[in-house]
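The values are calculated or read from the model by the stated rules, or taken from the named source; none is laboratory data. Here the structure is a predicted model, which is why all the values come from computation and not from measurement. Cβ coordinates were reconstructed from backbone atoms using ideal geometry, including for glycine residues, and neighbour counts include every protein chain displayed. All accessible areas refer to the heavy atoms of the entire protein, side chains included, with ligands and DNA or RNA removed. Shrake-Rupley method; radii C 1.70, N 1.55, O 1.52, S 1.80 Å.
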Amino acid sequence: MINLAVFASGTGTNFDAIVKAIDDGKLDAKVVLMVCDKSNAKVIDKALKANIDTYVFDPKAFSSKMEYDNCIKLECQKRNVDLICLAGYMRIVSNVLLDAYPNRIINIHPSLLPAFKGKDAIKQAYMYGVKVMGVSIHYVNEDLDGGSIIAQKAFELNDMSFEQAESRIHEIEHELYPNTIKKIIEEDF
Ligand code: GRF
């Protein structure tokens, strides 16, 4: 059984999609830890409801990123985490975690990378006037949204409103992330 850790900072709909895929028997894995850097994030309630261990930390309480990443690393190691899935985790991961989990940290990003990295990617793409939007899943390295791409799914905007495009993105995310994790587990473990 592959042990997953999901890192999130916000609502946690992708966290939920992963947990649901496991509950529905579509993904043979276990979420053993949810890591969150915001004490008021909605994802925390979702983890508690799903009976999943949480590690919630305040970055300001640490003197450096290395220091809190080291605590996160220990929490992961304690639970024998095999794969770390970032799902709306708004922090760059340091070498402390990258070295401990080489090629074992992945992220979901709501654009067709390498276009529209960083925050508000859906808005960035929509405002730019692109004709095609989509979602990327990639390995994490020290560059923001920079590691090699594992999976992408695109759709044509046609005359969609921003809200329609946004909800299509999330719909794709909730299917693509569990499916990609499943593929990684089957091929790499
Ligand atoms: C998603 O759009 C994901 O692609 C991005 O952050 C958002 C997180 O949403 N990295 P949620 O917290 O999973 O609902």
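Only helices enter this figure: runs of n ≥ 4 DSSP H residues, each worth -39500 (n - 2.57), summed and divided by the residues of the chain, yield -12000 deg cm²/dmol at 222 nm to the nearest 500.
Along the axis of the charge dipole computed for the chain (Cβ charges of +1 for Lys and Arg, -1 for Asp and Glu, origin at the Cα centre), the listed residues P110, I84, A50 are led at the positive end by A50. Amide H contacts of N141 (H built 1.01 Å from N, in plane; Pro and chain starts excluded): G146, G147 sit under 5 Å, all sequence-distant by 5 or more or on other chains.
Given a 10 angstrom Cα cut-off, can you work out which residue in G25, G88, G146 is the most mobile in a GNM of the chain? Residue with maximal mean-square fluctuation among G25, G88, G146: G25. Between V140, V35, V130, the Gaussian network model of the chain with springs among Cα atoms under 10 angstrom shows the greatest mean-square fluctuation at V130.
Near the amide H of T54, within less than 5 Å, lie the amide hydrogens of M34, all on another chain or at least 5 residues away, with H placed in the peptide plane. Ignoring ligands, DNA and RNA, what percent of the 1.4 Å accessible area of the stretch 27-105 is carbon and sulfur? Roughly 48 percent of what the probe reaches on the stretch 27-105 is carbon or sulfur. If you sort L176, L97 by accessible surface, 1.4 Å probe, largest first, the order is L176, L97.
Considering only M66, M90, M160, the Gaussian network model of the chain with Cα springs below 10 Å gives its largest mean-square fluctuation to M160.
What order do T180, T54, T11 take when sorted by accessible area (1.4 Å probe), most exposed first? Spell out each step's value before the answer.
Working: T180 10, T54 50, T11 75 Å².
If we order T180, T54, T11 from most to least accessible, we get T11, T54, T180.
Spatial offset of the stretch 122-149 relative to the stretch 62-87 amounts to 24 Å, using the alpha carbon center of each.
The lysines within cross-link reach of K153, meaning a Cα-to-Cα straight distance under 18 Å and a gap of 8 or more places when in the same chain, are K117, K123, K131, K182, K183.
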